[in-house]
Amino acid sequence: MRHHAATVHKILCLCLLALAVLVPGTARADRPANVLINIVEDQSQTLNTDFLKESEMKIGRELVKMGMEVKTSDDLGSHPRLNTKVISGALKGDVPALRKAAAVLNAAYILNGKAKTRINSEEAAGVKLNKAVTVFAYKVIHTATGKTLDMDSPSYISVNQSGEAAQKSTYDKLAADITNRIKETVPPQLSSAEQKKLNQYASSFTPKPSRPATATTPPKPSAPTPSASSGSPVVAQAAPKAAGEPEIVILNPPVARGFKPVCYEKPLKIEGMAIDPDGIAEIRINGQMVAYDSKGHFSHSVELKDGENQFLVMARNQSNKIIKKVFSVDLEKDTAPPLVVLTSPETTRGFKVMLEPEIKTSLIKGRVEDDNPISYLKINDETVALTKDGQFEHETNIPDQGKISIKAEDIYGNQTTKYLQFSRGKITDEPAVLSSGRKPILWGLSIGVSKYNSTTLDLKYADQDALLLKKFFTDQAGSSFAEVHFKTIVNKEVTRESIISNISGHLGKAAPDDIVFLSIAGHGIKHRQSGSYYFLPSDADSDNLLSRGLRMSDFEESIKILSQNVEKIIVAIDSCHSGALQVGMRGAGESEDLSEAIRAAQGLYIISASKAGELSMESDKFELYPNFTGHGVFTYTLVQAMMGKADYDKDNYVSLNEMFQFVSRQVPRLTNGQQHPYFKVDGTELPLVMVK
């Protein structure tokens with residue numbers, strides 16, 4: 001009896017297992033949730049419809065990163081079980097049609113949204129701007145029940161001289177915000193119970209095929225049918241997709257109508273899906289076979305060349321049919337200089353090499369790092385050979401002045417110069433001290449304006465940047481500096497008079513051996529008639545620009561006077577002129593012209609957030625300390641560098657050159673190549689802060 005009962009038990013288990021396989025939604029493990037994203041236009045005054053598609057793709061990419069599955073409006077017109085009426089209604093945002101389409105596409109959730117954009121011209125500080133306001137009315141819908149899980153109508157605002165740029169910025173904000181809202185509303189995994197509900201809803205209606213084949217209207221073959229023995233594949237033409245034909249979806253880079261992705265780094269990972277009910281036989285990218293999983297997901301790394309890069313993605317199904325997708329990616333020219341890291345000789349007293357009097361030569365060892373090939377490396381103008389991995393070794397005579405220059409340039413003309421200083425006498429392990437044996441004193445002034453009389457010009461984090469710099473340098477008292485005297489003026493405190501008086505008054509107290517650090521963050525414009533560049537204090541506007549705006553020639557004069565009494569001055573500029581004005585962002589000012597005008601001053605180090613004409617980004621994603629809600633990417637990376645990330649030679653000190661190298665590499669990466677810091681150095685290498 002015991003044996004008979006065990007046999008019956010086994011049979012029952014096998015039957016239940018078979019039912020679990022045959023019945024959808026029964027005893028299945030959770031699977032990724034599938035979301036259908038459909039964004040349509042809602043009577044916009046002037047709307048670039050490519051932004052709608054781009055927003056769908058950006059939201060979809062972020063959800064895919066979470067492990068979810070995604071369908072977009074592009075998928076609505078390509079499924080054989082969706083008829084024309086359902087497709088037309090779904091693309092217009094009709095909820096019943098979208099539910100049917102989502103069920104056929106196995107999407108348990110729907111994001112259904114309508115975007116409306118208005119662009120109006122405004123004038124602020126004498127500059128004509130375009131203000132874009134995008135309103136996005138949306139619902140997140142449960143496909144099986146039709147229940148609304150979330151709904152809202154948020155607005156996104158951006159200002160720019162270019163109406164299209166302002167509009168694009170609102171859609172970038174829309175995509176980021178709605179992605180976060182979906183993450184909070186839709187579970188990343190779909191339970192077996194939810195899948196069962198979706199299957200039951202799908203079975204409650206029978207959608208008619210979009211292109212039924214009849215005896216009187218046979219479909220035209222896209223190519224001559226090969227013989228069974230030939231094995232030649234049938235290549236799909238541009239005709240509408242038929243049942244059993246593969247579909248290719250590119251997830252990265254985001255490819256949409258009229259939109260060519262731009263990359264700023266050579267390595268690119270192409271990600272996507274090849275979908276076919278008959279199963280995928282192979283996937284190729286530019287003729288190279290690529291791996292894919294059981295769901296058709298594929299990922300393939302490539303190296304981009306400069307300029308336009310074209311890619312052909314081909315998928316073949318088990319029925320030997322092929323479909324192709326072609327897209328292009330632009331690689332922008334690299335502007336980051338090479339990084340020179342010295343490994344020998346070891347430095348002491350900060351960045352000086354101590355030698356006995358009789359030593360006349362030195363063996364220089366190190367490496368050069370860059371994403372691109374190096375054109376040359378020169379030590380004291382003598383060309384030095386590099387190994388394949390960028391290593392070098394060179395013995396050179398030590399000049400009488402005790403300074404050796406090391407220059408490296410990549411194939412794009414980006415150049416780095418590093419100086420190695422020598423001194424003769426007794427070697428000491430005490431770094432970064434003055435000749436008197438004490439650590440330097442730092443005098444600092446940080447200026448940041450986020451709140452203006454004209455709210456159109458308001459920024460978010462310029463004042464936070466100023467406060468962050470004060471916190472960082474104040475914490476360096478006793479380690480990097482013997483004393484720190486740091487002052488901050490922000491928002492309403494920032495006037496033309498307060499800037500000038502604090503440069504001459506507060507920073508003017510510095511002694512010749514002290515270090516001065518001055519930063520200024522906020523908006524700036526060019527005067528429309530004179531072309532002169534002005535930094536905008538909080539109380540400046542178009543009516544009082546001449547009397548309350550800080551003309552950069554006055555700023556230059558203050559620095560020149562200061563440099564007559566102080567040998568080491570560091571100036572960090574994060575401002576904008578009218579050609580790059582945008583709310584929430586800071587465009588670069590004429591920093592290149594400024595540095596040229598005062599380049600003769602000894603020991604002057606100028607770093608600006610971005611080159612002329614570029615934007616300077618700020619975001620709540622850039623956060624280093626609690627109680628700071630966000631920062632500009634420039635200040636964020638500047639402080640990261642000084643906290644130790646730029647200590648490339650691992651001597652526990654970050655020099656200005658190392659700091660510049662770190663910022664110049666990180667800022668373009670964090671801004672997707674939209675921002676490139678600019679540096680002007682008139683002085684020798686300066687050890688700045690000790691790594692704690």
**Prompt:** Can you tell me which residues in segment 186-200 are surrounded by 15 or more Cβ atoms within 10 Å (Cβ to Cβ) and assigned to a helix (DSSP H, G or I)?
**Reply:** 192, 194, 195, 196, 197, 198, 199
**Asked** Assuming residue 517 fulfils every condition listed in (1) assigned to a helix (DSSP H, G or I); (2) crowded, with 16+ Cβ neighbours inside 10 Å apart from one, which condition is it?
**Response** (1)
**Message:** On the basis of being among the acidic types (Asp, Glu), open to solvent by 50 Å² or more (accessible area, probe 1.4 Å) and either modelled with pLDDT under 85 or farther than 16 Å from residue 519 by Cα (or both), does residue 493 make the cut?
**Reply:** no
**Request:** Under 7 Å between Cβ atoms, at least 6 apart or on separate chains: pull out the pairs that start in segment 163-183 with a residue that is more than 11 Å from residue 117 (Cα to Cα) and open to solvent by less than 20 Å² (accessible area, probe 1.4 Å) and end on any residue that is at pLDDT 85 or above and among the hydroxyl-bearing types (Ser, Thr, Tyr).
**Result:** 174/55; 174/134; 174/156; 175/55; 178/138
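Yes/no matrix, rows are residues, columns are (1) small (Gly, Ala, Ser); (2) over 28 Å from residue 411 (Cβ atoms); (3) at pLDDT below 90; (4) in contact with a strand residue (DSSP E or B) (Cβ under 8 Å, 6 or more places away or on another chain):
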{"residue": "266", "(1), (2), (3), (4)": "no, no, yes, yes"}
{"residue": "272", "(1), (2), (3), (4)": "yes, yes, yes, yes"}
{"residue": "277", "(1), (2), (3), (4)": "no, yes, yes, no"}
{"residue": "285", "(1), (2), (3), (4)": "no, no, no, yes"}
{"residue": "308", "(1), (2), (3), (4)": "no, no, yes, yes"}
{"residue": "320", "(1), (2), (3), (4)": "no, yes, yes, yes"}
**Message:** Let me spell it out: the conditions are (1) assigned to a loop (DSSP other than H, G, I, E, B); (2) open to solvent by less than 30 Å² (accessible area, probe 1.4 Å); (3) among the aliphatic types (A, V, I, L, M), and residue 511 meets all of them except one. Which number is the exception?
**Reply:** (2)
**Fill in**
Of 621, 645, the only residue that is at pLDDT 70 or above, surrounded by fewer than 15 Cβ atoms within 10 Å (Cβ to Cβ), within 24 Å of residue 666 (Cα to Cα) and among the basic types (Lys, Arg) is 621
**Message:** Give all pairs with beta carbons closer than 9 Å in which a residue from segment 545-561 that is assigned to a loop (DSSP other than H, G, I, E, B) meets a residue that is modelled with pLDDT of 80 or more and open to solvent by 20 Å² or more (accessible area, probe 1.4 Å); count only pairs at least 6 apart in sequence or on separate chains.
**Reply:** 549/496
**Prompt:** For segment 651-692, how many residues are out of contact with any helix residue (DSSP H, G or I) (no Cβ under 8 Å at 6 or more places or on another chain) and at pLDDT 80 or above?
**Reply:** 12
**Request:** Determine whether segment 476-485 contains at least one residue that is β-branched (Val, Ile, Thr), crowded, with 18+ Cβ neighbours inside 10 Å and in contact with a strand residue (DSSP E or B) (Cβ under 6 Å, 6 or more places away or on another chain).
**Result:** yes
**Request:** Specify the residue that is surrounded by the fewest Cβ atoms within 10 Å (Cβ to Cβ); the eligible residues are those in segment 361-417 that are of a type in the set (Gly, Ala, Ser) and either assigned to a strand (DSSP E or B) or at pLDDT below 85 (or both).
**Result:** 413
**Message:** Just to be sure I understand the filter: pairs with C-beta atoms under 7 Å, separated by 6 or more residues or on different chains, first member in segment 494-512 and within 14 Å of residue 559 (Cα to Cα), second member open to solvent by 40 Å² or more (accessible area, probe 1.4 Å) and modelled with pLDDT of 90 or more. Which pairs pass?
**Reply:** 502/487; 506/487
**Prompt:** residue 282 is checked against (1) farther than 17 Å from residue 326 by Cβ; (2) under 27 Å from the mean Cα position of the chain (by Cα); (3) not in a loop (DSSP other than H, G, I, E, B) and fails just one. What number does that condition carry?
**Reply:** (2)
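Yes/no per residue for (1) without any contact (Cβ under 8 Å) to a residue 40 or more places away in the chain; (2) open to solvent by less than 20 Å² (accessible area, probe 1.4 Å); (3) assigned to a strand (DSSP E or B):
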position: 98; (1), (2), (3): no, yes, no
position: 103; (1), (2), (3): no, yes, no
position: 111; (1), (2), (3): no, yes, yes
position: 118; (1), (2), (3): no, no, yes
position: 132; (1), (2), (3): yes, yes, yes
position: 141; (1), (2), (3): no, yes, yes
position: 150; (1), (2), (3): yes, no, yes
position: 158; (1), (2), (3): no, yes, yes
**Complete:** Listed by first then second residue, the pairs whose first member lies in segment 656-674 and is on the phi > 0 side of the Ramachandran plot, whose partner is assigned to a loop (DSSP other than H, G, I, E, B), with beta carbons under 8 Å and at least 6 positions apart or on separate chains, are 672/264; 673/264; 673/332
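Residue-by-condition table, conditions (1) assigned to a helix (DSSP H, G or I); (2) farther than 12 Å from residue 35 by Cβ; (3) in contact (Cβ under 8 Å) with a residue 24 or more places away in the chain:
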{"residue": "55", "(1), (2), (3)": "yes, yes, yes"}
{"residue": "59", "(1), (2), (3)": "yes, no, yes"}
{"residue": "63", "(1), (2), (3)": "yes, no, yes"}
{"residue": "81", "(1), (2), (3)": "no, yes, yes"}
{"residue": "86", "(1), (2), (3)": "yes, yes, yes"}
**Complete:** Filtering segment 313-330 down to residues that are under 16 Å from residue 297 (Cβ atoms) and of a type outside the set (A, V, I, L, M, F, W, C) yields 317, 325
**Fill in**
Flagged in segment 22-53 as open to solvent by 20 Å² or more (accessible area, probe 1.4 Å), modelled with pLDDT of 55 or more and assigned to a helix (DSSP H, G or I), in numbering order, are 50
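The values are calculated or read from the model by the stated rules, or taken from the named source; none is laboratory data. It should be emphasised that the depicted structure is a prediction, and the values quoted were computed from it without experimental measurement. Neighbour counts run over all protein chains shown; Cβ positions are idealised from the backbone, glycine included. Keep in mind that these areas ignore ligands, DNA and RNA; they rest on the heavy atoms of the full protein, side chains included. Shrake-Rupley method; radii C 1.70, N 1.55, O 1.52, S 1.80 Å.
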